[in-house]
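In what follows, a structure is listed as structure tokens, so that the remarks can point back to it.
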Amino acid sequence: MALLKRVIVCLDVRRGQVTKGIKFQGNVDLGDPVEYAVRYDEQGVDELVFYDITASAEDRNLFLDVVENVAASIRIPFSVGGGIDSLDTMRTVLLAGAEKVSLNSPAVRNPDLLGQGAAAFGAQCVVLGVDAKKVERTTEIPSGYEVVIQGGRTPTGKDVLQWVTEAEDRGAGEICLNAIDTDGVRDGYELELTRMVADAVRIPVIASGGGGEPEHLTEAVTTGGADAALVASMVHYGDYTVGEIKTAMAADGVAVRITA
Amino acid sequence: MSQHPATLTPMSVAILDYNAGNVTSVAHAVRRLGYEAEITHDHDTIRNADHVIFPGVGAAATCMSVVRERGLDIALKDAVDSGKPVFGICVGMQLLFDHSDEDGGVECLGLLPGRVRRFELDDPSLKVPHMGWNPVTFAEGEPIAKSLVDASDTACYFVHSYYCDPDPSVDVIATTDHGHPFCVGVRKDNLVALQCHPEKSGPVGMSILTAFLEGS
């Protein structure tokens, strides 16, 4: 026996509500984050991620209330991302009950945050979120995947492979790797990218962006070599329960946690 | 002991406060199960509690220095000697031993013989920290696992880079595997300890906490 592969559900939160971006329609509110969290916990999800998508000052307290209420209500670990740009904001969400913090754009702008967070709270607390976009291979970006920030709008000129290994050296304890090109398409994860990153680092890698069917998660943790796969819309709209996904993965021979 | 009948007053649980990470989640879990939980380093509160939990996430050296500074080494030993149920979790398990190799070597509480070692794994696919869900094998008849009827559903949540290596005289009640089998649970009479986080381990974790709070 060994560590099981994890299924992680990501919840975007806006003004205290779970929300989902829909093409051409903007954001649609889905409901109470605590209700969603408890439901997924009961379905056997291994971890949750809460993302503060507005990260505006006025919504920040509403979001911290959500984090505290979630911590009091679920029996599994969860991480928090969005608006984490200093040791203070890290400390605040960890004290509110989150297990880990996820840093994306702020880590690109200020890579020292990774090491500072790891020194203060332990590397296992610090997740590096990376948005990766397929580009032409150049001498600057030899892997053919570029780090983009601000939800994919801004290219950084950084090579994904170079960035994840640097982040590992600086103290990141886990990588959440989101493929911008396949995100929301629900046609499978970017397996080549996932495998490349999983082979390059010795910290756990979460595959994100593209999960639509249970076999996609199986591919991510086998062919892709990921330790975990992240889903959102495929469970938010009721197409699948987490239990159904894990049962299908187990049937494919993947070691996952199946709860009674 | 409580002054009131247990039917009227919930049993109280003292959760030792030594600035370790995420102690709140232990308190949340205990309260959800219907018990009173207090995160405390007050010796009287600890003495009067029905149960004591020694939780924690953190580095051994810092943890030990706060434990000593607050006299929690003495309070914990008194609690163990009093016969009430005491539960060490994660770093709270590791600190019970003689010595930890973390932070260049730290002298710990010495309530159990043995030492705490770092994972040294050759296989590059095995990662340190050992983080995530791993199935646990419990010793037969171990009271803390009494409600875990399905042997295929014992996965617990772990986050740690060091593991306990007890002397052969210690009763190992739980093991798991990460590169090699290792001890993740020990018991000595009323003192029980686990490396995993029952407060983060879903229904399995809740059933472990319930068994402890019911007196196991």
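Might you check whether a residue that is among the acidic types (Asp, Glu) and within 14 Å of chain B (Cβ to nearest Cβ) occurs anywhere in the range A:186-194? Scanning the range A:186-194 turns up no residue that is among the acidic types (Asp, Glu) and within 14 Å of chain B (Cβ to nearest Cβ). When residue A:21 is tested against (1) of a type outside the set (Asp, Glu); (2) modelled with pLDDT under 95; (3) in contact with a Leu (Cβ under 7 Å, 6 or more places away or on another chain), just one condition goes unmet, and that condition is (3). In the range B:107-123, the count of residues that are aliphatic (A, V, I, L, M) and surrounded by fewer than 16 Cβ atoms within 10 Å (Cβ to Cβ) is one or more. Which residue is nearest to residue A:120 (Cα to Cα), if the candidates are limited to the range B:29-58 and must be within 14 Å of chain A (Cβ to nearest Cβ) and buried (at least 19 other Cβ atoms within 10 Å of the Cβ)? Filtering the range B:29-58 for residues that are within 14 Å of chain A (Cβ to nearest Cβ) and buried (at least 19 other Cβ atoms within 10 Å of the Cβ), the one nearest to residue A:120 (Cα to Cα) comes out as B:58.
Out of curiosity, is residue A:212 at negative phi and out of contact with any strand residue (DSSP E or B) (no Cβ under 8 Å at 6 or more places or on another chain)? Criteria met by residue A:212. Given the condition surrounded by fewer than 16 Cβ atoms within 10 Å (Cβ to Cβ), over 24 Å from residue A:212 (Cβ atoms) and touching a Pro at 6+ places or on another chain (Cβ under 8 Å), answer yes or no: does some residue in the range A:54-66 qualify? Within the range A:54-66, none of the residues are surrounded by fewer than 16 Cβ atoms within 10 Å (Cβ to Cβ), over 24 Å from residue A:212 (Cβ atoms) and touching a Pro at 6+ places or on another chain (Cβ under 8 Å). Has the range B:76-86 got at least one residue that is touching a residue at least 12 places away in the same chain (Cβ under 8 Å), within 14 Å of chain A (Cβ to nearest Cβ) and touching a Gly at 6+ places or on another chain (Cβ under 8 Å)? The answer is no, given that none of the residues of the range B:76-86 is touching a residue at least 12 places away in the same chain (Cβ under 8 Å), within 14 Å of chain A (Cβ to nearest Cβ) and touching a Gly at 6+ places or on another chain (Cβ under 8 Å).
Can you name every one of the strands (runs of 3 or more DSSP E) wholly within the range B:32-125 that holds 3 or more residues which are more than 19 Å from residue B:206 (Cα to Cα)? Result: B:114-118. Exactly one residue among A:235, A:197, A:231, A:254 is in contact with a strand residue (DSSP E or B) (Cβ under 9 Å, 6 or more places away or on another chain), within 14 Å of chain B (Cβ to nearest Cβ) and in contact (Cβ under 8 Å) with a residue 24 or more places away in the chain, and that residue is A:197.
Of all residue pairs spaced 6 or more apart or on separate chains, those with beta-carbon atoms under 6 Å, a first member in the range B:126-140 that is in contact (Cβ under 8 Å) with a residue 12 or more places away in the chain and facing chain A (nearest Cβ under 9 Å) and a second member that is of a type in the set (Lys, Arg) and part of a loop (DSSP other than H, G, I, E, B) are B:133/A:257.
Counting only helices (runs of 4 or more DSSP H) that fall entirely inside the range A:35-109 and contain at least 3 residues that are modelled with pLDDT of 95 or more and within 11 Å of chain B (Cβ to nearest Cβ), the qualifying elements are A:57-73.
Scanning the range B:165-216 for residues being aliphatic (A, V, I, L, M) and within 14 Å of another protein chain (Cβ to nearest Cβ) gives a total of 6.
The values are calculated or read from the model by the stated rules, or taken from the named source; none is laboratory data. Model, not experiment: these values are computed from the prediction. Neighbour counts are summed over all protein chains in view; Cβ atoms, including those assigned to glycine, are modelled from backbone coordinates with ideal geometry.
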